[in-house]
Amino acid sequence: MADDKELKDQRIPVMMTASEVTAIDDWSFENRIRSRGEAIRRLCQIGLLFDEAKKGDRRDESFGVKNAAAIHRFDHVLDEVVRAVVRAMEDGEISETEMPAVRSRIAEAQRQLDLINAKILGNG
């Protein structure tokens, strides 16, 4: 599966029904994903993980699906934290001197999530 540092330069036109697009948009909104493209990428990753787990024995399926769900939840929480920090910065609740430390902690959390994700996906 693709590395997050890999350039996203491949365009894949896909025809969908209106109800499929609505379902993707609803899922994207519920999970606070900003773009339809990112939602489709994440749903594809989840589907590929599920398919790989299904090919393995039942223990692997349970492990893979649970971990994919855990990663998704953690990613969702990280997105919420980033939004809260941005709001706090805009409201002046975080000083300019605190900003580098806050950015560093957010970057470290994202790096940890990426490492966990890579291990689960088998390319880390």
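Here are some notes:
- Evaluation of Arg36 against (1) modelled with pLDDT under 90; (2) open to solvent by 100 Å² or more (accessible area, probe 1.4 Å) (one fails), failing number: (1)
- Among residues of the range 79-114, those that are assigned to a loop (DSSP other than H, G, I, E, B) and either open to solvent by 60 Å² or more (accessible area, probe 1.4 Å) or closer than 24 Å to Ser28 by Cβ (or both), counted: 5
- Residue in the range 59-73 that is under 24 Å from Arg103 (Cα atoms), at pLDDT 85 or above and exposed (fewer than 12 other Cβ atoms within 10 Å of the Cβ) present: no
- Contact map, the range 9-20: first residue under 13 Å from Ile40 (Cα atoms) and free of Cβ contacts under 8 Å to residues at least 40 places away in the same chain, second residue charged (D, E, K, R) and open to solvent by 90 Å² or more (accessible area, probe 1.4 Å), Cβ cut-off under 9 Å, separation 6 or more or different chains; the map is empty.
The values are calculated or read from the model by the stated rules, or taken from the named source; none is laboratory data. Please read these numbers as outputs of a predicted model, since none were measured by experiment. Cβ atoms come from the backbone with ideal geometry, glycine included; neighbour counts cover every protein chain shown. Just the protein is used for accessible areas: all its heavy atoms, side chains included, with ligands, DNA and RNA removed. Shrake-Rupley method; radii C 1.70, N 1.55, O 1.52, S 1.80 Å.
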